[in-house]
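The block underneath contains the structure these notes are about, expressed in structure tokens.
The values are calculated or read from the model by the stated rules, or taken from the named source; none is laboratory data. Only a predicted model underlies this, so the values are computations on that prediction, with no experimental measurement involved. Glycine also receives a Cβ, built like all others from the backbone with ideal geometry; neighbour counts cover every protein chain displayed.
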Amino acid sequence: MSLADLLRHKWHNHDPEVRLAAVKTLDNMSQLVEIAQHDPSHRIRKEAVSRITDESSLEQIAMHDLCHEVALAALQKITHDETIFLIALKAKELAIRNAAIERIQNEMFLAEILKSCECLSTCISATKRITDHSLLEEIHTRNSLNPQILLAIRDRIKHLSEGTLKKT
């Protein structure tokens, strides 16, 4: 251990195991957020996320962390529907956007995703979660969407009309 490691806080130590142990006992929310956003180890960032309670900080981590595990850990701790909706629209990682969509219960939020998102995969995930036939019809007729999205909406409407699909 270097003299510099002895003088700095344990969560700044060069040894990841020392930093991990320090994070497990840390209670200062701003320091935990700083670690969750900037530590080079995804294990340590994920541990810091597990201790964060501030939803706006969790939102930023879920939207911007490039490590799937860390972003997903942050997303799973978020409880506000509006925040989950924003992550579904704006997260950097497709897998995180789709994981957020799976947590959305409000079909109006899902409809807004269809109307405003340009990512085909995200739109198709949202389409599969909507069970309101009339809402899908309205989106289909009143919006100029990607033809593949329109096709997915038409297919979903058809299956819902036939009663062959349940909410997925």
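Can you pull out every residue in the range 56-102 that is of a type in the set (Lys, Arg) and buried (at least 21 other Cβ atoms within 10 Å of the Cβ)? Lay out the reasoning, then the answer.
Initial filter on the range 56-102 (of a type in the set (Lys, Arg)): 77, 90, 92, 97.
Answer for the range 56-102, where residues must be of a type in the set (Lys, Arg) and buried (at least 21 other Cβ atoms within 10 Å of the Cβ): just 97.
Can you tell me how many residues within the range 134-145 are farther than 17 Å from residue 105 by Cβ and surrounded by 14 or more Cβ atoms within 10 Å (Cβ to Cβ)? Spell out the reasoning first.
Of the range 134-145, the ones farther than 17 Å from residue 105 by Cβ are 134, 137-145.
With surrounded by 14 or more Cβ atoms within 10 Å (Cβ to Cβ) added as a condition, the list becomes 137, 139-140, 143, 145.
Of the residues in the range 134-145, 5 are farther than 17 Å from residue 105 by Cβ and surrounded by 14 or more Cβ atoms within 10 Å (Cβ to Cβ).
Condition first: surrounded by 21 or more Cβ atoms within 10 Å (Cβ to Cβ) and either not in a helix (DSSP H, G or I) or not assigned by TED's automatic domain parsing to the domain that holds residue 13 (or both). Now tell me which residues in the range 31-52 satisfy that. Walk me through how you get there before you give the answer.
Filtering the range 31-52 for residues surrounded by 21 or more Cβ atoms within 10 Å (Cβ to Cβ) gives 32, 35-36, 39, 44-49.
The one that is surrounded by 21 or more Cβ atoms within 10 Å (Cβ to Cβ) and either not in a helix (DSSP H, G or I) or not assigned by TED's automatic domain parsing to the domain that holds residue 13 (or both): 39.
When you look at residue 26, is it crowded, with 21+ Cβ neighbours inside 10 Å, at pLDDT below 95 and either among the hydrophobic types (A, V, I, L, M, F, W, C) or assigned by TED's automatic domain parsing to the domain that holds residue 150 (or both), yes or no? Lay out the reasoning, then the answer.
Numbers: crowded, with 21+ Cβ neighbours inside 10 Å: no; at pLDDT below 95: yes; either among the hydrophobic types (A, V, I, L, M, F, W, C) or assigned by TED's automatic domain parsing to the domain that holds residue 150 (or both): yes.
No: the conditions fail for residue 26.
Under 7 Å by Cβ, and 6 or more places apart or on different chains, what pairs join a residue from the range 131-158 that is without any contact (Cβ under 8 Å) to a residue 12 or more places away in the chain with one that is assigned to a helix (DSSP H, G or I)?
150/140
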